[in-house]
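The structure under discussion appears below in the form of structure tokens.
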Amino acid sequence: MNNFSKIVGWLVFFAGLLIISFTLWSTYNIFTAKSSVPEFFPSVKETKAPSQAGTQDAQAQLQKMIGEQLQGFFPADFMGKTLNLTVWSLLAFILMSGGSKISSLGIKLIKDGKKDERT
């Protein structure tokens, strides 16, 4: 029975390491621009509506001016990319934490198998 426990322990340990390695490799590829960020939030395509200067009130004109000024500072898809990178970072953290827990379970199984051999 202890051999089975050790074999399962090693398999679980390597499964956890594989999850961690895959997450790190995917994150490396994303941040070096070898692959694209998974799109959790689709990028917004701006469409310009026909302007009706006579029918817009002062607040709408002010919002339009502020929007045009902010477009000069940030690219059009800045928020979408930022949100996608944030979600990917959180997902990578969760995957790496899970892989760590899975690996520690494998180590416990290996240690229990060795403990059974001694008794």
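The values are calculated or read from the model by the stated rules, or taken from the named source; none is laboratory data. Keep in mind that what you see is a predicted model, and the values were worked out from it rather than measured. Every residue, glycine among them, receives a Cβ derived from its backbone with ideal geometry; neighbour counts consider all protein chains shown.
Could you tell me whether segment 63-72 includes any residue that is modelled with pLDDT under 90 and within 19 Å of Leu83 (Cα to Cα)?
yes
Could you tell me whether Gly113 is touching a Lys or Arg at 6+ places or on another chain (Cβ under 8 Å), surrounded by 13 or more Cβ atoms within 10 Å (Cβ to Cβ) and assigned to a helix (DSSP H, G or I)?
Yes.
I need the full set of residues from segment 77-119 which are under 18 Å from Phe40 (Cβ atoms) and at pLDDT below 75, in order please.
Passing the criteria: none in range.
Go through segment 22-45 and count every residue that is among the polar types (S, T, N, Q) and touching a residue at least 24 places away in the same chain (Cβ under 8 Å).
Qualifying residue count for the region: 4.
Name every residue in segment 34-62 that is of a type in the set (Val, Ile, Thr) and at pLDDT below 80, in order of residue number.
Val44, Thr47, Thr55
How many residues does segment 76-88 hold that are free of Cβ contacts under 8 Å to residues at least 24 places away in the same chain and under 29 Å from Gly16 (Cβ atoms)?
Of the residues in that region, 1 qualify.
Return the residue satisfying two criteria in turn: it lies in segment 12-42 and is exposed (fewer than 14 other Cβ atoms within 10 Å of the Cβ), over 11 Å from the mean Cα position of the chain (by Cα) and not hydrophobic (A, V, I, L, M, F, W, C), and of such residues it is farthest from Leu95 (Cα to Cα).
Pro42
Within segment 10-18, is even one residue at pLDDT 75 or above and not hydrophobic (A, V, I, L, M, F, W, C)?
yes
Quickly run through segment 1-11 and pick out the residues that are of a type outside the set (Val, Ile, Thr) and surrounded by 13 or more Cβ atoms within 10 Å (Cβ to Cβ).
If the condition is that a residue be of a type outside the set (Val, Ile, Thr) and surrounded by 13 or more Cβ atoms within 10 Å (Cβ to Cβ), then Asn2, Ser5, Lys6, Gly9, Trp10 are the ones that fit.
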